[in-house]
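Structure first, commentary second.
The values are calculated or read from the model by the stated rules, or taken from the named source; none is laboratory data. Fair warning: this is a prediction, and the values are worked out from it, not measured in the lab. Only protein heavy atoms, including side chains, enter the accessible area calculation; ligands, DNA and RNA are left aside. Shrake-Rupley method; radii C 1.70, N 1.55, O 1.52, S 1.80 Å.
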Amino acid sequence: MAKKSKKAKKKLPLAYKPIGFALGWTSGTVAGMAFQKTWKVIRKEDNAPDALDRDRGGGEFLLAAAIQGAIFAVVRSAVDRAGAKAIERSTGTWPVPDQGGRD
C-alpha cells in the first residue's frame, strides 16, 4: 500500500502540469487587466507606455514596468497558492515536490 502511495505522489506533479499551465495563463490575463485598471487610475490614460514609446520619458515607462511586474508577481503567487491548496485538499498531496523556490 505504501508503495502505491509513493508512486501516486511521484505522478501528481506531472498531472499538475496542465492545471498549473491553465492557472498561469489565467493569472497572466487577470494581472494584465488589473494593471490596465491600475494604470488608468494612476495616470488617467488608457495605454501604459513601454520601452519603445518614443514620446514617453524613461521614468514613465520604468514606473509602468515596475507596477506591472509587482501586480503580475502578486497575482501569479496568489493563483499558484490557491491552486496548490485546492489540489492538496482534493488529493491529500501537495502538487509539487519540495523545492527551494519558484524556479
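Annotations
- Extension gain for the segment residue 85 to residue 43, taken as residue separation times 0.36 nm less the Cα-Cα distance, is 11.5 nm to one decimal.
- Sorted largest first by accessible area at a 1.4 angstrom probe radius, with every protein chain in place, the residues 61, 35, 21 fall in the order 21, 61, 35.
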